[in-house]
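*Asks:* Pasting in a structure now, in structure tokens, and then I'll have a few things to ask.
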Amino acid sequence: MQTMNVSLYAARRARLAAQLGPDAVAIVPTASEYGRNRDNPFAFRPDSYFFYLTGFDEPQAWLVLDSAGRSTLFCAPKNMEREIWDGYRLGTAAAPDALGVDEAFSIETLDEHLPRLLENRAALWYPFATHKGLESRIDGWLAAVRARARARVTCPDTQRDLCSLLDEMRLVKDAHELSTMRAAACISARAHARAMRTCARMVRAGQEVREYHLEAELLHEFRFGGAQSAAFGSIVAAGANACVLHYRAGAERVRAGELVLIDAGCELDNYAGDISRTFPASGKFSGPQRALYELVWAGQNAAVAAIGAGVRFDDPHEATVAVLAQGLLDLGLLDANKVGSAADVIEQRAYTPFYMHRTSHWLGMDVHDCGSYVEPVQGARSTQSAPGGAGAAARPSRILRPGMVLTVEPGLYVRPAEGVPERFWNIGIRIEDDALVTETGCELMTRDVPVAPDDIEALMRD
């Protein structure tokens with residue numbers, strides 16, 4: 001386990017405990033371990049909610065927190081034989097001081113202790129629909145509490161979704177989180193720049209370049225920079241593959257004259273970077289490639305200008321769509337005689353064959369991070385629905401606040417189709433940066449890798 005700031009996690013637990021209500025208790029498990037094949041496991045990553053509250057990265061762990069702020073950790077006990085094979089364990093004796101929790105017990109005693117911790121509580125909080133089998137285990141513990149009714153033991157009569165509280169807490173990042181995310185953004189940007197340079201050098205030298213070669217450059221820089229892994233499966237798409245939104249790096253050859261779209265970021269201490277860049281394989285944009293790229297870049301600039309404290313989450317997307325709609329008409333990708341003006345394009349959503357995704361998503365411990373995209377109901381504990389049956393769609397999009405982090409990633413994807421100018425066929429472009437909302441606008445944390453087409457060409461010449 002890495003050196004950690006115990007007071008940081010203790011403060012988060014105290015803040016959560018204050019929101020639970022009187023005589024309440026919350027249960028938060030870490031992630032399960034999964035086998036990859038036979039006796040070979042997938043690399044373990046702790047559950048984001050659990051890690052946010054504890055900073056503890058070992059498997060087989062649970063946190064129980066009550067409304068008085070008392071915290072109980074269940075973790076794997078010390079076992080020298082297993083530690084020879086699997087690595088160091090913190091253990092129950094060291095956990096209270098190391099993690100700042102009040103008490104720690106062996107995970108082997110979880111079923112024994114949980115009913116006791118649930119006794120005489122008014123409400124139980126846990127993350128709904130996040131851990132397979134969690135509801136069944138909770139049912140068993142509650143049944144054990146109810147079985148003691150004649151001993152005047154009461155059982156929680158209310159169950160609430162802990163995600164609704166934790167999502168709101170995690171949506172606005174603290175100083176520690178922002179420091180980690182800036183570092184992840186910096187490593188991710190260096191990786192993109194490395195892939196660009198490598199691609200141009202190899203293509204100009206006449207060497208064979210495959211998508212997996214560029215993925216290898218990304219992964220090298222991630223680990224060399226200290227990141228634990230990629231934050232998600234890296235998208236490295238050459239040529240027409242760039243028109244597939246979730247294409248994974250494959251074996252396709254990267255050819256001179258084509259574009260390469262890379263969407264990739266590292267994960268550093270459980271926080272993600274997420275960058276997309278599109279660049280010419282040989283280092284020089286063709287005329288149609290540059291025209292389409294500059295349109296997407298203009299759309300991103302419009303979105304960035306629309307970000308700031310007090311504006312709506314949807315505002316950057318709407319700013320992007322306005323630019324793209326007019327640009328598609330100007331470039332002849334849409335026929336004004338058929339679709340009308342830019343306003344008509346937006347109203348009819350005629351741009352969607354070329355731009356079918358949103359411009360932003362939250363970013364943090366998860367690449368598509370938690371947090372409601374609509375404004376929460378005042379006075380409601382959950383942000384998931386409004387009173388009286390009104391759904392989230394009836395509420396306005398989220399008001400941005402300083403400390404929120406979102407991506408800005410417009411794109412255009414042109415597949416061969418009737419009426420689409422052939423010079424644009426099989427061009428896919430996405431430009432993505434990570435934006436921290438500030439009082440006066442936003443901070444782009446990922447601009448250590450160039451985005452302007454002239455700057456990309458200059459980098460690849462070097």
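The values are calculated or read from the model by the stated rules, or taken from the named source; none is laboratory data. Every value quoted in this text rests on a predicted model; they were computed, and no experiment measured them. Because the Cβ atoms are built from the backbone with ideal geometry, glycine has one as well, and the counts that use them run over all protein chains shown.
*Asks:* If only one of ALA14, ALA43, ALA31 is among the aliphatic types (A, V, I, L, M), over 14 Å from ALA95 (Cα atoms) and not in a loop (DSSP other than H, G, I, E, B), which one is it?
*Replies:* ALA14
*Asks:* What number goes with the only condition from (1) out of contact with any Asp or Glu (no Cβ under 7 Å at 6 or more places or on another chain); (2) assigned to a helix (DSSP H, G or I); (3) under 23 Å from GLY55 (Cβ atoms) that HIS131 does not pass?
*Replies:* Exception for HIS131: condition (2).
*Asks:* I would also like to ask the following. Suppose the filter is of a type in the set (D, E, K, R) and assigned to a loop (DSSP other than H, G, I, E, B); does ASP369 pass it?
*Replies:* Against the criterion (of a type in the set (D, E, K, R) and assigned to a loop (DSSP other than H, G, I, E, B)), ASP369 qualifies.
*Asks:* Going by what's in this entry, would ASP448 be described as in the same structural domain as LEU295 (by TED's automatic domain parsing), under 22 Å from the mean Cα position of the chain (by Cα) and not in a loop (DSSP other than H, G, I, E, B)?
*Replies:* Answer is no for this residue.
*Asks:* Also: Taking the condition of being crowded, with 19+ Cβ neighbours inside 10 Å and either in a strand (DSSP E or B) or small (Gly, Ala, Ser) (or both), how many residues in the range 428-442 meet it?
*Replies:* Of the residues in that region, 10 qualify.
*Asks:* Right, next: Which one is nearest to GLU418 (Cα to Cα) among residues in the range 339-363 that are in contact (Cβ under 8 Å) with a residue 60 or more places away in the chain and surrounded by fewer than 19 Cβ atoms within 10 Å (Cβ to Cβ)?
*Replies:* PRO353
*Asks:* Check the range 202-214 and report whether any residue there is of a type in the set (Ser, Thr, Tyr), modelled with pLDDT of 95 or more and in a helix (DSSP H, G or I).
*Replies:* Yes, the range 202-214 has at least one match.
*Asks:* Right, another one. Of the residues ARG197, ARG182, ARG170, which single one is more than 22 Å from ASN5 (Cα to Cα) and of a type outside the set (A, V, I, L, M)?
*Replies:* When all the criteria are applied, what remains is ARG197.
*Asks:* Out of all the residues in the range 101-115, is one or more over 24 Å from the mean Cα position of the chain (by Cα), farther than 27 Å from SER7 by Cβ and outside any helix (DSSP H, G or I)?
*Replies:* No, the conditions are met nowhere in the range 101-115.
*Asks:* May I ask you to list the residues in the range 74-101 that are polar (S, T, N, Q) and within 21 Å of ILE27 (Cα to Cα)?
*Replies:* Listed by number, the list holds a single entry, THR92.
*Asks:* If you don't mind, there's one more thing I want to ask. How many residues does the range 142-159 hold that are more than 38 Å from the chain's Cα centre (by Cα) and not in a helix (DSSP H, G or I)?
*Replies:* Residues meeting the conditions: 5.
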